[in-house]
Amino acid sequence: MSQTSKRFLRALAGETITPPPFWLMRQAGRYLPEYRQTRTQAGSFLDLCYNPELAVEVTLQPLRRYGFDAAILFSDILVVPDALGQKVAFKEGEGPVLTPIRSAEDLDRLDLAGFHQHLAPVYATVAGLAKAIPSTTALIGFSGAPWTVATYMIEGSGSKDFPNAKGMMFSQPELFGRLIALLVQATGDYLIRQIDNGAEVIQIFDTWAGALPEEEFAKWVIAPTRTLVERIHSERPGVPVIGFPRGAGILYTRYVQETGVDGVSLDSSIPLAWAAEALQPHCTVQGNLDPLLLVAGGEALDAGIDRVLNTLGKGPFIFNLGHGIVPPTPPENVARLAERVKNWKG
Ligand code: CP3
C-alpha cells in the first residue's frame, strides 16, 4: 500500500478525514492483561524494551483489540541516556532512576561511541513492526525532546519542579547547553535510524515543556526541537513530525510556528475552540481527551469524545488522548471509545 493511502499519513499531510484516524498514547501498557503477561515474561521493563520479539508483540496487542490507525514503537524515551552511558533503571512503583548528571565530569563520561550498538534491539523492533503491522496502519517512531530527557538525566528521577535541571539551566547555562547539544545530536541520529528501519512518522515527546518561562521555552524547547525537525525534513524528506509540548498553554502557537512540526499533540488543558482557531490552520492537531475520562467511562466518556470530535474533526485532525492511558483504565472503555470514533459521521 502506498504511503498516501494510509489515513493517518493523509491527515498529517493536511487532509480532513471523516471519521478521523485515531491512536492513543501509551496504547500498549499495564491496563492490558496480555501486556502484563508479556512484561512478566520479559523480566524488567527495560528488558522488554530491548527484546525485539516481545517488544513487537506488545506493540501489536492493542492493534488487535482496537484497530488503531497507527502503531507506536514500544520503547521508552530514557533508552537514549542509557545508550549514552548513563545507567537507567525502572524501579517498581517508583519510576525511572538514573545516576544524576550534575557536573562537567559527569557529562564528560557520556559519549556516542556505543550508541547505535546499544540501541540495535530498538532498531530491530522497528524493522520487525514494519513487516508485521497491517498495510493500512502507520508506524510511529519516537523520542523524548532534549529538555524533557535532560530533566530525568539531571534530576536522576521523575520530578515535580526540576530544581536541579533548572538550577543548571540558570546557573551553568554553558554546561546545560552542552548537555542539550549532545541530546540534539544523539536524538537526531536515533530518529534517523528509526526512519531507516521503517518508521513513517516521528513523535517528539516534550512532557515537561510547560515548566519553562517564555524565554527559556524558546531556547530549550523550541530551538532544539526546530533543529531536530529541520534535520528530519532535510535528511529524510516526506517523514512528518508530531510535536507534543505538554503543558505549554498559549506557547503552543509559538511552538507550532517556530519548530515547523507537521502535527501538534494537544494536552487536555488546551481549549478545543482555541486550538481549532489558533493552531489547526497551521498544522494537523492531535488529541486531547482527558485520560481519566477513559477510566470513568459511560456517558461522561461519550460526551467528552463528542466534544473533541465536533470541535476539531472538521479540519486536519487525529483523535488521541491529552496524555498517556493510565493503568486503571478498563480495556472495555477503550473499545467503547474506538467504536464511537469509528462511527462518527461528521
Ligand atoms: O504505547 C506507547 O505509547 C509506546 C511506549 C512508550 C512508553 N513510554 C512505554 C512505557 C512511550 C512513547 C513512552 C514515552 C515516555 N516515557 C515519556 C513521554 C510521554 C509521557 O508519558 O509523558 C516519558 C516521560 C517516559 C518516562 C517514563 N517511562 C516514566 C516516567 C515511566 C514510569 C511511570 C510509569 O508509567 O510507570 C516510564 C515507564 C513506562 N514507559 C511504562 C510503559 C508501558 C510502564 C512500565 C512498566 O510496564 O512497568
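Computed over the chain with a Gaussian network model linking Cα atoms closer than 10 Å, the most mobile of LYS219, LYS87, LYS160 is LYS160. The apolar share of the surface of the range 1-73, taken as the fraction of accessible area on carbon and sulfur atoms (1.4 Å probe, ligands and nucleic acids excluded), comes to 47 percent.
Among ALA145, ALA209, ALA42, which one shows the biggest mean-square fluctuation in a GNM of the chain, springs joining Cα atoms closer than 10 Å? It is ALA42.
Rg then Dmax, both in Å and based on the Cα atoms of the chain: 19.0, 59.
Straight Cα distances below 15 angstrom link LYS87 to the aspartates and glutamates ASP47, ASP76, ASP106, ASP108, ASP111, GLU155, with same-chain residues fewer than 8 positions distant left out. Rounded to the nearest 0.05, the FRET efficiency derived from the C-beta distance between ILE17 and GLU277 at R0 = 22 Å is 0.65.
Please say if the range 105-148 is rounded, prolate or oblate, where rounded means a/c under 1.5 for a ≥ b ≥ c the square roots of the C-alpha gyration tensor eigenvalues, and otherwise the choice is prolate for a/b larger than b/c and oblate otherwise?
oblate
Against the longest principal axis of the chain, how steep is helix 223-235, in degrees 0 to 90 to the nearest 10, with axes from Cα atoms? The answer is roughly 70 degrees. Report, to the nearest 10°, how far helix 146-155 tilts away from the longest principal axis of the Cα atoms in the chain, using its own Cα long axis and a range of 0 to 90°. For helix 146-155, the angle is close to 50 degrees.
Could you tell me how many degrees, from 0 to 90 and to the nearest 10, lie between the Cα long axis of helix 331-342 and the main elongation axis, the longest principal axis, of the Cα atoms of the chain? Once rounded, the angle reads 60 degrees. For the range 1-106, the list of GluC sites (Glu not before Pro) that fall in a loop by DSSP and count at most 12 other C-beta atoms within 10 angstrom reads GLU92, GLU94. Ignoring any ligand, DNA or RNA, what whole percent of the accessible area of the range 148-299 comes from carbon and sulfur when the probe is 1.4 angstrom? Whole-percent figure for carbon plus sulfur exposure: 51.
Each Lys or Arg adds one and each Asp or Glu subtracts one; over the other residues with Cβ under 13 Å from the Cβ of VAL264, this totals -2. Compute the accessible area per residue over the chain, keeping the other protein chains in place, probe 1.4 Å, unit Å². Using a 1.4 Å probe on heavy atoms only, each residue of the chain averages 39 Å². Residue-wise HN-Hα couplings along the range 7-15, as the Karplus relation 6.51 cos²θ - 1.76 cosθ + 1.60 with θ = phi - 60° gives them from phi, are 4, 4, 6, 5, 4, 5, 7, x, 7 Hz; Gly and Pro carry x. Charge tally for THR16 (other residues, Cβ to Cβ under 12 Å; Lys, Arg +1; Asp, Glu -1): +2. Compute the signed sum of charges (Lys and Arg +1, Asp and Glu -1) over the other residues within less than 14 Å, Cβ to Cβ, of GLN86. Here the charged neighbours net out to -4. Which shape class, rounded, prolate or oblate, goes with the range 158-308 when its Cα gyration tensor gives a ≥ b ≥ c as root eigenvalues, a/c under 1.5 marks rounded, and past that a/b bigger than b/c marks prolate? Taking the square roots of the gyration eigenvalues as a ≥ b ≥ c, the range 158-308 is oblate. Extension gain for ARG36 to GLU235 (0.36 nm times residue separation, less C-alpha to C-alpha distance): 67.8 nm. Built from the Cα atoms of the range 1-94, the convex hull projects on average onto 8.0 nm², one quarter of its surface area. Using the Cβ-Cβ distance between LYS131 and ASN343 with R0 = 30 Å, the FRET efficiency computed as 1/(1 + (r/R0)^6) comes to roughly 0.45.
Taking packing as the residue-averaged number of other Cβ atoms within 10 angstrom, the listed peptides 179-185, 197-203 run from highest to lowest as 197-203, 179-185.
Taking every DSSP beta bridge that has both ends in the chain, the antiparallel portion is near 15%. Normalising the average separation of contacting C-alpha pairs (under 8 angstrom, six or more residues apart) by the number of residues puts the relative contact order of the range 184-260 at 44 percent. Report the FRET efficiency, 1/(1 + (r/R0)^6), for GLU214 and ALA120, where r is their Cβ-Cβ distance and R0 is 45 Å, rounded to 0.05. Taking R0 as 45 Å, the efficiency between GLU214 and ALA120 is 0.65. Within the listed set PRO173, PRO224, PRO21, the residue fluctuating most in the Gaussian network model of the chain (springs between alpha-carbon atoms under 10 angstrom) is PRO173.
The values are calculated or read from the model by the stated rules, or taken from the named source; none is laboratory data. Note that the structure is a prediction, hence the values are computed from the model and not measured. In this analysis, Cβ positions are derived from the backbone assuming ideal geometry, glycine residues included, and neighbour counts consider all displayed protein chains. What goes into the accessible areas is simple: the full protein's heavy atoms, side chains included, and nothing from ligands, DNA or RNA. Shrake-Rupley method; radii C 1.70, N 1.55, O 1.52, S 1.80 Å.
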